[in-house]
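A.B. asks: Sharing a structure here in structure tokens format.
The values are calculated or read from the model by the stated rules, or taken from the named source; none is laboratory data. Predicted model, so just to flag it, every value in this text is computed and none were measured. Cβ atoms come from the backbone with ideal geometry, glycine included; neighbour counts cover every protein chain shown.
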Amino acid sequence: DVKVTQSSRYLVKRTGEKVFLECVQDMDHENMFWYRQDPGLGLRLIYFSYDVKMKEKGDIPEGYSVSREKKERFSLILESASTNQTSMYLCASRGAGSINYEQYFGPGTRLTVT
Amino acid sequence: TQLLEQSPQFLSIQEGENLTVYCNSSSVFSSLQWYRQEPGEGPVLLVTVVTGGEVKKLKRLTFQFGDARKDSSLHITAAQPGDTGLYLCAGAGDMRFGAGTRLTVKP
């Protein structure tokens with residue numbers, strides 16, 4: 001059974017803290033993605049990665065960075081958390097040879113920045 | 001960026017009713033996907049439609065891709081409480097999602 005796991009389901013951080021969100025997939029997928037989900041705005045792409053050590057900016061990369069040192073792990077970093085980064089963060093993966101471009105999602109991390 | 005607009009934003013119906021939700025864009029898509037997201041979980045792929053005019057059925061769910069490949073619809077027959085969730089459309093391979101339709105089916 002395919003699986004994408006995220007390090008925390010709920011996280012509360014203070015403004016200015018450095019925050020690490022971890023995502024691990026066990027499907028040997030080349031592609032991994034980070035989204036944030038806000039009511040009325042849907043899923044917005046923050047960063048994605050096609051391969052180890054490779055990253056591409058999505059639509060809203062400001063205030064975020066990513067790291068992909070191993071194929072199975074994709075980390076999202078908030079360098080200095082701000083209240084407007086309070087959101088649900090979703091990680092996804094997809095195989096390079098996926099015929100229908102199916103993305104597999106983790107359960108999400110609900111981050112609150114106070 | 002290819003924008004996807006979904007309507008309605010919210011839908012609350014009684015068990016047994018039929019419903020249709022829509023996904024529209026001004027851009028042409030090579031294919032479109034529908035995902036369902038249940039509370040506390042990530043989205044799960046329901047279907048990918050590829051050919052203009054294509055109709056796919058998944059039990060009580062019928063998905064249609066517009067002839068011009070700019071829009072899609074999801075029709076649910078005899079909705080059940082288990083259908084409750086957020087329905088999202090996405091451009092396949094595009095990594096962009098609509099804002100979703102939040103469906104509540106009351107018993």
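A.B. asks: Quick one: is A:Ser82 over 30 Å from B:Leu11 (Cβ atoms) and either among the β-branched types (Val, Ile, Thr) or surrounded by fewer than 17 Cβ atoms within 10 Å (Cβ to Cβ) (or both)? Working first, answer last.
C.D. replies: Details: over 30 Å from B:Leu11 (Cβ atoms): yes; either among the β-branched types (Val, Ile, Thr) or surrounded by fewer than 17 Cβ atoms within 10 Å (Cβ to Cβ) (or both): yes.
Yes.
A.B. asks: Further, regarding this structure: Taking only pairs six or more apart or across chains, which ones have beta-carbon atoms under 7 Å, a first residue in segment B:76-94 that is more than 14 Å from chain A (Cβ to nearest Cβ), and a second residue that is surrounded by 17 or more Cβ atoms within 10 Å (Cβ to Cβ) and in a helix (DSSP H, G or I)?
C.D. replies: The qualifying pairs are B:Ile76/B:Asp83.
A.B. asks: Being more than 10 Å from the chain's Cα centre (by Cα) and hydroxyl-bearing (Ser, Thr, Tyr) is the filter here; which residues of segment A:5-43 pass it?
C.D. replies: Within segment A:5-43, A:Thr5, A:Ser7, A:Ser8, A:Tyr10, A:Thr15 meet the criteria.
A.B. asks: Moving on. Do any strands (runs of 3 or more DSSP E) lying entirely in chain B carry at least 2 residues that are out of contact with any Pro (no Cβ under 9 Å at 6 or more places or on another chain) and within 26 Å of A:Tyr50 (Cβ to Cβ), and which ones are they?
C.D. replies: Working: elements: B:5-7, B:10-14, B:19-24, B:32-37, B:44-49, B:55-58, B:61-65, B:71-76, B:85-91, B:101-106.
Once the strands (runs of 3 or more DSSP E) in chain B are filtered for at least 2 residues that are out of contact with any Pro (no Cβ under 9 Å at 6 or more places or on another chain) and within 26 Å of A:Tyr50 (Cβ to Cβ), what remains is B:32-37, B:44-49, B:85-91.
A.B. asks: May I pose another question? Among strands (runs of 3 or more DSSP E) lying entirely in segment A:3-100, which contain 1 or more residues that are in contact (Cβ under 8 Å) with a residue 60 or more places away in the chain? First the steps, then the outcome.
C.D. replies: Working: elements: A:4-6, A:10-13, A:19-25, A:31-38, A:42-49, A:64-70, A:73-78, A:87-94.
Result: A:4-6, A:10-13, A:19-25, A:31-38, A:73-78, A:87-94.
A.B. asks: All but one of (1) in contact with an Asp or Glu (Cβ under 6 Å, 6 or more places away or on another chain); (2) within 13 Å of another protein chain (Cβ to nearest Cβ) hold for B:Gly98; state the number of the condition that does not hold.
C.D. replies: The failed condition is (1).
A.B. asks: Can you say whether B:Leu61 is closer than 27 Å to B:Ser30 by Cβ, away from every other protein chain (no Cβ under 14 Å) and modelled with pLDDT of 95 or more, as far as the supplied structure shows?
C.D. replies: Numbers: closer than 27 Å to B:Ser30 by Cβ: yes; away from every other protein chain (no Cβ under 14 Å): yes; modelled with pLDDT of 95 or more: yes.
The answer is yes for B:Leu61.
A.B. asks: Of A:Glu102, A:Glu72, A:Glu56, which residue is of a type in the set (Asp, Glu), within 14 Å of another protein chain (Cβ to nearest Cβ) and surrounded by 15 or more Cβ atoms within 10 Å (Cβ to Cβ)? Break it down stepwise before answering.
C.D. replies: Working: A:Glu72 fails: within 14 Å of another protein chain (Cβ to nearest Cβ); A:Glu56 fails: surrounded by 15 or more Cβ atoms within 10 Å (Cβ to Cβ).
Just one listed residue meets the conditions, A:Glu102.
A.B. asks: Going by what's in this entry, would A:Ser67 be described as modelled with pLDDT of 95 or more and either within 14 Å of another protein chain (Cβ to nearest Cβ) or surrounded by fewer than 15 Cβ atoms within 10 Å (Cβ to Cβ) (or both)? Reasoning before the result, please.
C.D. replies: On the way: modelled with pLDDT of 95 or more: yes; either within 14 Å of another protein chain (Cβ to nearest Cβ) or surrounded by fewer than 15 Cβ atoms within 10 Å (Cβ to Cβ) (or both): no.
Against the criterion (modelled with pLDDT of 95 or more and either within 14 Å of another protein chain (Cβ to nearest Cβ) or surrounded by fewer than 15 Cβ atoms within 10 Å (Cβ to Cβ) (or both)), A:Ser67 does not qualify.
A.B. asks: Could you list, in sequence order, all residues of segment A:43-53 that are among the hydroxyl-bearing types (Ser, Thr, Tyr) and surrounded by fewer than 20 Cβ atoms within 10 Å (Cβ to Cβ)? Steps first, answer last, please.
C.D. replies: If we filter segment A:43-53 for residues that are among the hydroxyl-bearing types (Ser, Thr, Tyr), which is where we start, we get A:47, A:49-50.
A:Tyr50, the sole residue that qualifies.
A.B. asks: Of the residues B:Val50, B:Val105, only one is touching a helix residue (DSSP H, G or I) at 6+ places or on another chain (Cβ under 9 Å) and touching a residue at least 12 places away in the same chain (Cβ under 8 Å); which? Even if it seems obvious, please write down each step before you answer.
C.D. replies: Values: B:Val50 fails: touching a helix residue (DSSP H, G or I) at 6+ places or on another chain (Cβ under 9 Å).
Testing whether each residue is touching a helix residue (DSSP H, G or I) at 6+ places or on another chain (Cβ under 9 Å) and touching a residue at least 12 places away in the same chain (Cβ under 8 Å) leaves just B:Val105.
A.B. asks: Could you check B:Thr20 against (1) touching a strand residue (DSSP E or B) at 6+ places or on another chain (Cβ under 7 Å); (2) within 12 Å of chain A (Cβ to nearest Cβ); (3) under 21 Å from B:Thr104 (Cβ atoms) and say which number it fails?
C.D. replies: (2)
A.B. asks: Across segment B:53-75, what is the total count of residues that are touching a residue at least 24 places away in the same chain (Cβ under 8 Å) and touching a strand residue (DSSP E or B) at 6+ places or on another chain (Cβ under 9 Å)?
C.D. replies: Taking segment B:53-75 and keeping what is touching a residue at least 24 places away in the same chain (Cβ under 8 Å), we get B:63, B:65, B:68-75.
Then keep just the ones that are touching a strand residue (DSSP E or B) at 6+ places or on another chain (Cβ under 9 Å); that gives B:63, B:65, B:69-75.
Result for segment B:53-75: 9.
A.B. asks: Taking segment B:23-54 as the region of interest, how many residues are buried (at least 18 other Cβ atoms within 10 Å of the Cβ) and of a type outside the set (A, V, I, L, M)?
C.D. replies: So the answer is 13.
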